[in-house]
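Read-outs throughout are calculated quantities, based only on the coordinates presented, and are distinct from any laboratory measurement. On a predicted model such as this, the values are computed, not experimentally measured, just so you know. Don't worry about glycine lacking a Cβ; one is built from the backbone with ideal geometry, like all the others, and counts go over all protein chains shown.
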Amino acid sequence: MRTLGFTLLVALVLPSAAVAQSSAPAASGSGAVNIPAYVTKAIDDPARAADRKDDVRRKMADVMAFSGVKPGDRVLELVPGSGYWTRVFSRIVGPQGHVYTVWPDEMAKYSAKSFANWQGLAKDTYTNVSLLKQPAAQLSVPQKVDVVFTSQNYHDYHDPFMGPVDMKKFDKEVYDALKPGGVFIVIDHIAPAGSGISDTNTLHRIDPGVVKQEVESAGFVFDGSSDALVNPKDPLDIKVFDKSIRGHTSQLIYRFKKPAK
């Protein structure tokens with residue numbers, strides 16, 4: 001059954017790499033990925049030296065290239081945690097851009113330490129980063145953005161402690177937060193195809209088909225995927241914190257676009 005689940009997953013994820021390949025930037029796993037110089041410079045920022053040990057495992061360069069973020073952009077990051085992705089977004093968009101980080105009220109007990117840390121960082125080091133505390137079900141941003149990004153947290157919005165959130169309404173709020181032509185990047189732990197949302201609160205995984213269906217229902221157009229974080233050795237039916245797979249789960253990377261018109 002595990003083999004069948006992964007086979008179905010590959011059938012879902014890999015063909016879409018061809019879609020991403022036809023859109024700039026190319027999808028990871030579909031050939032050489034062109035990493036812009038400003039992405040490399042941001043990744044090499046000495047201020048994020050402690051993060052560098054995770055860059056290969058988490059495919060930082062590939063993910064940033066796939067997101068299409070560039071200098072001057074405005075980014076909305078959902079549930080930034082320790083700021084692993086935030087630091088790079090901040091350096092890429094630079095002083096002419098901005099990064100808004102959303103800290104859902106419902107996750108306060110998990111993020112209090114990180115939030116306090118970022119209050120100082122945003123004031124002194126990452127001055128183009130804003131911290132937004134708000135209810136998970138009431139997403140808002142001061143201005144339209146070019147990229148909305150979430151890593152390993154889309155599944156959380158389905159869980160009881162977050163409301164759960166009305167995902168149709170939530171994805172529409174993401175849609176409304178974007179400029180025409182803007183993109184929504186979703187990275188999350190994969191659950192077996194056909195499992196729906198049954199594993200979001202237990203295994204912290206989500207069926208890729210559910211992500212695609214929910215986001216597209218808000219008006220987004222699927223714009224490609226990357227298989228950079230797909231791991232064939234992940235059985236998909238164990239908790240992501242299990243020591244046998246933690247840090248190496250198979251993850252989807254999807255890009256959705258808000259139509260330009």
Revision key, fill the gap. About its Cα centre, segment 2-257 carries a charge dipole, from +1 on Lys and Arg Cβ atoms and -1 on Asp and Glu Cβ atoms, whose size in debye to the nearest 20 is 540
Practice item. With an 8 Å cut-off on Cα pairs and a minimum separation of 6 or more residues, tell me the relative contact order of segment 43-150 in percent. Key: 31
Check your understanding: So for Met64, Met107, fewest C-beta neighbours within 10 Å to most, what's the order?
Key -> Met107, Met64
Check your understanding: When N is the residue count of segment 143-261, what does its C-alpha Rg come to as a fraction of 2.2 N^0.38 Å?
Key -> 1.05
Study note, to complete from the structure: In deg cm²/dmol, rounded to the nearest 500, the helical mean residue ellipticity at 222 nm of the chain, built from -39500 (n - 2.57) for every DSSP H run of length 4 or more, is -9500 deg cm²/dmol
Practice item. Rank the residues Asp188, Asp51 as a footprinting-exposure proxy: fewest other Cβ atoms within 10 Å of their Cβ go first. Key: Asp51, Asp188
Review point. Based on the Cα coordinates of segment 2-257, what is the per residue volume of their convex hull in Å³?
Key: 118
Exercise for review: Find how much the distance from Ala50 to Gln134 grows on full extension, using 0.36 nm per residue of separation minus their present alpha carbon separation; answer in nm with one decimal.
Suggested key: 27.3 nm
Study note, to complete from the structure: The answer for the net charge of residues other than Gly196 whose Cβ lies under 13 angstrom from its Cβ, with Lys and Arg +1 and Asp and Glu -1, is -1
Check your understanding: For labels at Lys123 and Asp166 in the simple 7 Å Cα→Cβ model, what's the distance in nm?
Key -> 3.8
Exercise for review: Determine the alpha carbon to alpha carbon distance for each of Lys53/Lys233; Lys212/Lys233; Lys70/Lys168; Lys123/Lys258; Lys109/Lys144 and list only those over 26 Å.
Suggested key: Lys70/Lys168; Lys123/Lys258; Lys109/Lys144
